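Read the structure below first, then the notes.
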Amino acid sequence: MSELKCPFAGHTGAVTPAAHTGHRQWWPNQIDLGLLHQHHPASNPLGDAFDYPAAFAGLDLAALKADLAVLMTDSQDWWPADWGHYGGLFIRLAWHSAGTYRSADGRGGAGHGNQRFAPLNSWPDNTNLDKARRLLWPLKRKYGNAISWADLIILSGNVALESMGFRTFGFSGGRTDIWQPEEDVFWGKETDWLADERHNTDGGLDQPLAAVEMGLIYVNPEGPHGHPDPVASGLEVRDTFARMGMTVDETVALVAGGHTFGKCHGAAPASHLEAEPEGAELHQQGLGWHNRFESGKGEYTITSGIEGAWKPHPTRWDQGYFEMMFTYDWELTKSPAGAWQWVAKDVKPEHRVPDAHVPGRSSAPIMTTADLSLRHDPVMEPVARRFYQDQDAFANAFARAWFKLTHRDLGPRALYLGPDVPQEVQIWQDPVPALDHPLIGEPEIQALKQRVLASGCSIGALVGTAWGSASTFRGSDRRGGANGGRIRLQPQNTWEVNDPEQLRTVLQALETVQQQFNAEAPGGQQVSMADLIILAGCAAVEQAGGGGGHSLTVPFIPGRTDASADQTDTASFNVLKPIADGFRNWQRSGLPVRAEECLVDRSQLLGLSAPEMTVLLAGLRVLGANTGGNRQGVFTDRVGVLSNDFCVNLLDMSTRWSPTSEAMEAYIGRDSHGAQRWTASRADLVFGSNSQLRAIVEVYAQDDGASRFVADFVQAWVKVMNLDRFDLR
């Protein structure tokens, strides 16, 4: 067929992507602003007004857990359970849902049920997890919108563990489903499954990735690039889990705890498998990896290609994993599918593993190369041996690590839902103190505004400090933000982007205001530094608006509290350190990505739309909030006045721009006589270069655009200041 014609419009190629060439194909170097407009309410069948926490509050969680426990041993003919128990399958389902999380940008993870969609539903490492989700469907149908897919997947892993004798640390609901694939997550640049173009010449992984190959959750179980070297595998295991925010103890506990249950499947070569779910034929109805080997299920299942179980009792919590690991010598062999694996030598009869489906058949325990890294890696081996010798310590470590794995991207405890939430607070939850004092009211807010404006700090310094505090927020894992006032603490108070010298001056001034106010307040009201930092920024914006003839009231709601150094994991918070902040025209030198790409990425993490990104950057420029007094993009001669000058002057056709070097990272704008007028970065000029952004800038640069600009800036500013105020929602 040479062409397809739409029968309604008569447009050739109107109904087939195969005949479509989009603007991204024509101009691949253009930034993708679509990242800022994902998950439109129109894509959500529940509607924008659906309140999941309220729906979850009506869930009979005990009944659902009881139903899940029944499911674990309700083996179905269309996908039989190993040893009559689906526990290992559902542990893998939950693990692989949560295990995509990486701490560098907080993306991935279990928070939104993204495993239902491409590409994750079709990753090689997720082979046959489509069957696990289909097994859950009758319960999802029964309990409806009271339980999200994201929560149900994690809960199924918890119940699987508990049904086999393990005591979990707890469970929280609160994960909301998305309804289309995520476009903002960079999974890698490879175009083939299990390819590796993500390691640099020194062997390090590209940021923000954690998995070592395209389509893997963690590492290649056969060893690096399929080479069965346990020592080399140990380096990858430690690095990959560290990129998820896991310690060595947590890494060992997770690997050993997860592999205490279930088995690997490699009955025959993967050539017997048909396409993954996204590539499967229509009649497969979303199921992938149709297996043409014998019955294609049970003892003929093909998943990882490795075949066998780790221990004699794969459906029981016990010490068998470490007992097998340290009791036996291991012989390198290949599975029936041709995958490298290790088999225990001279196995005692009581340690042979009964076949998962064929009565009377048994086999020796197996280990993957990644498993044996726990025995041979010099860092992990002492931890593994300690856990082998102390089952209680192992159980405690695994329970806590599993909870962290499955809840890391859920956000602060304020978002946790349900009766199974553990009372014990974890440092990785970024705790903040409970509010223990009367809050300031409107009279106190106005008085404090006057005090901070009289403190001697410039508008740019106050605005920049408030922005630095609030803009650490990441919608990906809901970490960061202004609550806790951690910009006062290590490591944030030393970040170059926060202009440490200026920050120190501002904090000293605000601490003086705080101390005086708290000592004098007649009604016992107190103001935290976290609140005062944001209030000072709001006061500065109001004053800047007044300077431009706009009478402003920037909304402010108190209620933030101050975290202590003991409540702050310095290493964990360092991953929030930005590599670039286009809003303050700062970027770490030597980055392989363009400034405008970093700006869009940061905006997406902040949940900003393209207009919000535009108005915030333009406003912060004229307010003088650039890091270190950088003049790039300050297209105004009245710094400290909230105006649309950035937009007006960017579109001035009398300015001629030219790069200052071949790198084209900095630019000079000259007038018609050749005299320097402005300087700019790529993050500035993209607003005049990109057609979509220029269209937005034009709205604000119009003669009737000044008031709209100021109003929109205030609205976007307040949004960012309150991103982590989950108590207000």
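The values are calculated or read from the model by the stated rules, or taken from the named source; none is laboratory data. Keep in mind it's a predicted model, so treat the numbers as computed, not measured. All Cβ positions, glycine included, derive from the backbone under ideal geometry; neighbour counts span all protein chains shown. When the accessible area is computed, the model is the full protein with side chains, heavy atoms only, and any ligands, DNA or RNA have been set aside. Shrake-Rupley method; radii C 1.70, N 1.55, O 1.52, S 1.80 Å.
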*Low-density loop positions, trypsin sites (Lys or Arg not before Pro), the range 172-205 - DSSP coil, at most 16 other Cβ in 10 Å*: 189
*Using alpha carbons only, how many degrees (0 to 90, rounded to 10) separate the axis of helix 459-470 from the longest principal axis of the chain?*
10 degrees
*Provide the net charge surrounding residue 467, with neighbours chosen by a C-beta distance below 13 Å and charges set as Lys +1, Arg +1, Asp -1, Glu -1.*
+2
*Give the long-range amide H neighbours of residue 679: residues separated by 5 or more places, or on another chain, with amide H under 5 Å away, using H modelled in the peptide plane at 1.01 Å from N.*
633, 634, 669
*In the range 75-134, chymotrypsin sites (Phe, Trp or Tyr not before Pro) in a DSSP loop with at most 15 other beta-carbon atoms within 10 Å*: 78
*Global geometry of the range 241-362, whether rounded, prolate or oblate, following the gyration tensor of its Cα atoms and the 1.5 cut on a/c*: oblate
*Taking the C-alpha atoms of the chain, convex hull volume expressed per residue in Å³*: 191 Å³
*Using a 1.4 Å probe, how large is the accessible area of residue 201, given in Å² and rounded to the nearest 10?*
140 Å²
*Send over a whole-number figure in Å² for the accessible area per residue of the chain, probe 1.4 Å.*
42 Å²
*Which value, in debye to the nearest 20, gives the size of the charge dipole of the chain about its Cα centre, when Lys and Arg are +1 and Asp and Glu are -1 at the Cβ?*
520 debye
_To test your reading of the geometry: what angle, between 0 and 90 degrees and rounded to tens, separates the Cα axis of helix 529-547 from the longest principal axis of the chain?_
40 degrees
*Per the 1.4 Å probe, what fraction of the accessible area of the chain, in percent, lies on carbon and sulfur atoms?*
51 percent
*asked:* On C-alpha positions alone, give me the angle between the axis of helix 500-520 and the longest principal axis of the chain, in degrees, nearest 10.
replied: 80 degrees
*Give the shape of the range 49-102 as rounded, prolate or oblate, defined through the alpha-carbon gyration tensor: a ≥ b ≥ c are the square roots of its eigenvalues, a/c under 1.5 means rounded, and otherwise the shape is prolate if a/b is larger than b/c and oblate if not.*
oblate
_Helix-only mean residue ellipticity at 222 nm for the chain, each DSSP H run of n ≥ 4 adding -39500 (n - 2.57), per residue, nearest 500_ = -11000 deg cm²/dmol
_Area projected by the alpha carbon convex hull of the range 189-257, averaged over all directions, nm²_ = 4.8 nm²
*Taking a ≥ b ≥ c as the square roots of the eigenvalues of the Cα gyration tensor of the range 306-408, is the shape rounded (a/c under 1.5), prolate (a/b larger than b/c) or oblate?*
prolate
*asked:* List the residues, sorted by chain then number, that are 5 or more residues from residue 484 or on another chain and whose placed amide H is less than 5 Å from its amide H.
replied: 561, 563
*Can you pull the accessible area of residue 653 for me, 1.4 Å probe, Å² to the nearest 10?*
130 Å²
